[in-house]
Amino acid sequence: MHVRPRLPRAFFSCRNGRRIRTFIDLHPFFKHRFMKRYRWTTLQPDESVVRELSTAINVSNPIAAALCNRGITTFDEARRFFRPSLETVPSPFLFHDMEKSVARIARAVDSGERIMIYGDYDVDGTTGTALLSMFLEGRGADVRHYINDRFREGYGLSGEGIAWAEECKVTLIITVDCGIRAVDEVRECAGKGIDVIICDHHEADELPGAYAILDPKVEGCAYPFRELCGCGVALKLIQAIVEAEGGDREQWAQYLDLVAIASAADMVSLQQENRVYLHEGLQRLRTSPRESFRAMAGLMKVRTEEITMTTIAFGIAPRINAAGRLESARTAMNWLLARNDADAGKHAAELEEMNTRRREIDAGILAKAETMVAGHCASFCSSIVLYDEEWHLGVLGIVASKLLDKFALPTVIMGRMNGLVKGSVRSVGTLNIYDVLQECSDHLEQFGGHHQAAGLTLRPEQLSGFRKRFDEVCRELLPVEQRQKELLLDAELGLQEITPKFMTVLEQFSPFGFGNREPLFVSGECRLSGKPKLLKERHVKFMARAGRGPSFEVIAFDRPDIFEELSRHEGSPRLQIVFVPERKTWNGREYLQLRLRDISIR
Ligand SMILES: [Mn+2]
């Protein structure tokens, strides 16, 4: 029988002036080792496979283990991982309807038909729309583009968009990052004499009767890599057009900067083909950035040569998204399509302003949400469910993700529009949030999404019932141990094993992101040497050393709790650390630093 754990009632209590405590702080299950913030899970790849791989490619066991943990077990797979090359990407003609699409577009271009590119409002949709627009315009096609409005039209092919296409006398629509579920809308297009080619990467049960469908996730598509983003599917389309004409690779590869940004922003797995595009795309952003990226990097005070995944994920992508979240994604399109420095600068500045405003809005909501959590009005015990009629719908997903990061509980953040309550949902661990919402469907008007993230709509009077039911379901489905976030550890790594050669190989695991985690190691037993330092009241720096080996500098960002704990110990306490080794340069001197993710102190 399943025994439901007894949960402390007021786990968010901040009465008596104590700090906000989470469930984790109070539950005895997690008390066995003080200080560990995460649940540590050491991955266990097959030892013989690890040994063979380490010999085959001449790397140490921890590196081989990290490779095995990423599904790379042979010499060839390792070569493809470490040397991503455009030579290895599959032929675009493996897509079911590719030949048909290429022929239809050629006919449209030759006979001067008006083509409309129809994209979604996020990074993937806008970059894909820009890619197709620029490419087809470059061949003298008569191209318009259309981005749907997040608030007025919602996601996907809309009646409004089709009406505009008809008004413009469009006879061919190419969708990007949407369309695969637009059964009715595609039928409507057919009725108006408009052919539709769908470039999408979402799944669908019933396929629309489109002229052609390019989507690696639909049944019958033989394309071997399912994880392309929408912009990536658009790239395959232009690759096919170029190859059909016998053109050279640069004609399509010049757009890989856009595909790299879309892949990084759209949470697609950064393995295999996407890894190749990301590599190439980053290279192009660094060495030959187009006007728009040069202008944006200037405003962000980043040198284009130094653009990284972090620049994309936390700099470029939020700026592109800010337009669609606050006003209209058209600003992002104008910026992406800018052909000279003056235009690029002007539109980049508009995005910059919107992003600043977007940040203020979500900081405001986050601050209020945290007060609500602390003041018990969040929810019950197993979830955070917050509503405020003033909250801006465009940023609720961002706020939900931030609260999830902090409290590690399933989170729903809601605002109001047209008399209805609308919100964003984020899940924790392996809890399938779509299943949870299904269980709550009596209290919902509408919902949709994936395992990790979803959206919902309800009537105001359903709120209290929903809140209660959501918490009940989360409590039932969320195992106690999953309420603490997990760190996946690749291997144990003795500090003395971190050599320059080790670092050179490790650095080639990048770029990191969804589907390609940064390798994380756990040390054997080591000891604190010297006194820890607190930097800016938030970060901690200390030296750690194993046995009589060399001392390593360890840095822990945003963990003043570690400083407190280390300072309380007399002498040099025994430690075990979870870390990422990094090479740093200071005053022209190179040194090694361990970036701490978690620690256990005994
Ligand atoms: Mn997408």
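The numbers here are math on the coordinates, done by the rules we state, and not lab data. The structure presented is a predicted model; accordingly, all values stated were derived computationally and were not measured. Note that each Cβ is placed from the backbone with ideal geometry, even for glycine, and that neighbours are counted across all protein chains shown.
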Hydrodynamic radius by Kirkwood, which averages 1/r over all alpha carbon pairs of segment 88-249, in angstrom: 15.4 Å
Quote the FRET efficiency, to the nearest 0.05, computed for Glu360 versus Glu537 with a Förster distance R0 of 22 Å and r equal to the Cβ-Cβ distance. 0.40
FRET efficiency for Met417 and Glu306, Cβ-Cβ distance as r, R0 = 41 Å, nearest 0.05? 0.50
What number do you get for segment 361-483 when its Cα radius of gyration is normalised by 2.2 N^0.38 Å, N = residues? 0.94
Just flag the chymotrypsin sites (Phe, Trp or Tyr not before Pro) in segment 535-583 sitting in loop per DSSP whose Cβ has no more than 15 other Cβ atoms within 10 Å. Phe557
With the contact rule set at Cα under 8 Å and sequence spacing of 6 or more, what percent relative contact order holds for segment 88-249? 28 percent
For the pairs Lys501/Lys584; Lys541/Lys584; Lys36/Lys485; Lys402/Lys468, note any where the Cα-Cα span goes beyond 18 Å. Lys402/Lys468
In this structure, the FRET efficiency calculated for Glu582 and Ala106 from their beta-carbon separation, with R0 = 45 Å, to the nearest 0.05, is 0.35
Under a cut-off of 23 Å between alpha-carbon atoms, report the lysines in cross-link reach of Lys169, not counting same-chain residues fewer than 8 places apart. Lys100, Lys192
Residues with amide H under 5 Å of Gly513's amide H, sequence separation 5 or more or different chain, H placed in the peptide plane at 1.01 Å from N; which? Glu518
Total charge dipole magnitude, the chain, about the Cα centre, Cβ charges on Lys, Arg, Asp, Glu only, Debye to nearest 20: 3280 debye
Net lengthening on full extension, Arg459/Gln508 (0.36 nm per residue, minus Cα-Cα): 12.6 nm
Simple label model, 7 Å out from Cα along Cβ direction - Arg249 to Ala163, nm: 4.8 nm
Say each of Leu488 and Leu299 gets a label point 7 Å from the Cα, pointing the same way as Cα to Cβ; how far apart are those two points in nm? 3.6 nm
Which parts of segment 410-425 would a label at Glu390 reach, counting a residue when its backbone N lies under 16 Å from a point 7 Å out along Cα-to-Cβ? 414-417
Which of the peptides 585-596, 274-285, 512-523 is most tightly packed, and how do the rest follow, going by the mean number of other Cβ atoms within 10 Å of each residue? 274-285, 512-523, 585-596
List the relative contact order of the chain as a percent without decimals, with contacts defined as Cα pairs under 8 Å and 6+ residues apart. 12 percent
Taking the Cα atoms of the chain, what is the range of coordinates along each of the three principal axes, in descending order and whole Å? 82, 62, 53
With the dipole of the chain defined by +1 on each Lys or Arg Cβ and -1 on each Asp or Glu Cβ, the option from Leu157, Phe509, Gly191 whose Cα lies farthest towards the positive pole is Phe509
